[in-house]
Amino acid sequence: MPILRKKLSLQKRIVFLITSVTVIMISTMMVFDTKSLNQSIKEAYVSQISGMTIAINGRYEESRSISDVQQIFDYIQYKNTRVLEMKLYSKDGAILAASDREQVGKRMDSSSIIIPKQDKTIVDRLPMAKNEKPVVRLIAPLQEDGMVVGAVEVIFDSSEESVLLKKRTKLILAVGISIAIILSVLLWLILRTIVIRPLSKLREAAVIVKQGGELPLLQFQTSPEITEVSEAFNDMVKNLDERYKELQQALNTLQITQDQLVQSEKMGALGNLVAGVSHEINTPIGIGVTAITYLDQKTKDFRSLYETGKMKKSDLEQFLSIIGETNAMVQTNLERASSLVRSFKQISVDQSVEVKRTFLLREYLEGIVASLKPSLKKTRLRVDIYCDDRLNLYTYPGALSQIVTNLVMNSLNHAYGPEDEGSLSIRVTEHQDHIRIAYSDDGKGMTQEVLDHIFDPFFTTSRGKGGTGLGMNIVYNLVTQSLNGNIQCLSTLGQGSLFMITIPLEEESEL
């Protein structure tokens, strides 16, 4: 039934329902009319046999002669050809008189003996017709001195009544079917005019609105309900363009704001990198300046000895030793500063300019970790890198730098306390058409609720501590959009976190 309802239209369902109700009502009328007609026929039968039994009882009580009753049987059959057979039998089943003389004196089968009560006539339609005619058996009581002593049985031809009943049934059926058809057609036309056509126009108008077309004013001269629906639809569509423009403007503003926040987050990370590297460079440069100052002072002292002629061999040897030690100290610290500057320069350029290039992955990861040393120095954490030294990667290094930086800073800010010891791991494995970067920490881990929203924009567990909730969202967007990869996070509270990043391998195209 549910499948039928889905396939049938509203118009067909209403017509089907009304037609079904009409057919049921007509069928009910036919049943009641048939019962009423049968009751009328039964009353006519009773009336006929009542006249016969009155005559038979009167003659029998007057003469006590069976031959007189027999004559009455013959007379009744002569006058009424529809009477097929008549019997008069006693309570014990002995046939006292019959239209068929051969049955007189015989006994009836006990199952056929029916003795009605006083003043009661039994009308019984026989299951088998005589001479292929429908018949009815009428049984009336035989009375003597006010007592029932037997019964009078009349087999009556009911062909006329059967024909009348069939004609009446056919007439009612034909009239009912005609009414049902006319009612269905009228209802179909009314529904199509009042309901279906307006609804079709409303649907066409909705499709036009969906496609962005201009909608003419809808006006229906039908039922008040359809008119109210069309007016409400017109009111809804009237300012739809303005509302759409407002929503589009709000969406554009929201996207611009989000882009600005993401860019601010990136610049904030770059600013932290600049501050950290500047602090790191200060140390070797400061040591170099101190060493050069010390060497300058020793040079002046040695020059003074030389000019006064007091210089000894030991003084020359000591000065040469100081020059060697100072030179080594200055060279070491300048190389350290140069390395920091070179690493910072490459990473900062990669983060600010999105250009694909080929690079050694392990060397680049070590440079990223080196740029994060100012933040790592304040903790008791170490970072281990497991990667093939010869693995070359052709992709956006800036995106990779931002991803690793955000993952490390996320661990520092959320996975450990100020005095906690821990290990951060970056493990790279190469496969046939992609590489997999597994970043993990052994920190606090995350609850399932936090894990479900880890990559949502503006979701953070440390909003009161300055968290913006954009760090992991930036990681997700960089992995999926810039690097065309995917990222998954696995974490259990108290057992650390694991980020699985899959990046497709690409080859540098030759121009």
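The values are calculated or read from the model by the stated rules, or taken from the named source; none is laboratory data. Quick caveat: nothing in here was measured; it's all calculated off a predicted structure. So basically every Cβ, Gly included, is an ideal-geometry build from the backbone, and we count neighbours across all protein chains shown. Surface accessibility is based on the protein's heavy atoms, side chains included, excluding ligands, DNA and RNA. Shrake-Rupley method; radii C 1.70, N 1.55, O 1.52, S 1.80 Å.
A few points about this structure:
- Here Gly443 meets the list (1) part of a loop (DSSP other than H, G, I, E, B); (2) within 24 Å of Gln481 (Cβ to Cβ) almost entirely, failing just condition (2).
- Looking only at segment 28-51, and only at residues there that are at pLDDT 70 or above and either in contact with a strand residue (DSSP E or B) (Cβ under 6 Å, 6 or more places away or on another chain) or surrounded by 13 or more Cβ atoms within 10 Å (Cβ to Cβ) (or both), the one that is nearest to Val149 (Cα to Cα): Ile41
- Ala399 hydrophobic (A, V, I, L, M, F, W, C), in contact with a strand residue (DSSP E or B) (Cβ under 7 Å, 6 or more places away or on another chain) and open to solvent by less than 30 Å² (accessible area, probe 1.4 Å): no
- Test: residue in segment 197-208 that is at pLDDT 70 or above, farther than 26 Å from Tyr244 by Cα and either surrounded by 10 or more Cβ atoms within 10 Å (Cβ to Cβ) or of a type outside the set (Phe, Trp, Tyr) (or both): yes
- Residue among Asp433, Asp388, Asp384 that alone is open to solvent by 20 Å² or more (accessible area, probe 1.4 Å) and either touching a Lys or Arg at 6+ places or on another chain (Cβ under 6 Å) or more than 22 Å from Gly485 (Cα to Cα) (or both): Asp384
- Test: residue in segment 288-295 that is farther than 30 Å from Lys373 by Cα and surrounded by 11 or more Cβ atoms within 10 Å (Cβ to Cβ): yes
- Qualifying residue in segment 265-277 (condition: modelled with pLDDT of 65 or more and either open to solvent by less than 60 Å² (accessible area, probe 1.4 Å) or not in a helix (DSSP H, G or I) (or both)): no
- Filtered residues of segment 132-177 (kept if open to solvent by 40 Å² or more (accessible area, probe 1.4 Å), in contact with a strand residue (DSSP E or B) (Cβ under 7 Å, 6 or more places away or on another chain) and either within 23 Å of Ile41 (Cα to Cα) or among the acidic types (Asp, Glu) (or both)): Lys133
- Residue match in segment 408-423 (condition: in contact (Cβ under 8 Å) with a residue 12 or more places away in the chain, polar (S, T, N, Q), open to solvent by less than 60 Å² (accessible area, probe 1.4 Å) and in a helix (DSSP H, G or I)): yes
- Gln118 falls short of the stated requirement of being within 24 Å of Ile95 (Cα to Cα), modelled with pLDDT under 80, of a type outside the set (Phe, Trp, Tyr) and surrounded by 14 or more Cβ atoms within 10 Å (Cβ to Cβ).
- Verdict on Leu483 being surrounded by 13 or more Cβ atoms within 10 Å (Cβ to Cβ), at pLDDT 90 or above and under 23 Å from Arg362 (Cβ atoms): no
- Among (1) in a helix (DSSP H, G or I); (2) among the hydrophobic types (A, V, I, L, M, F, W, C); (3) modelled with pLDDT of 75 or more, the one test that Val15 misses: (3)
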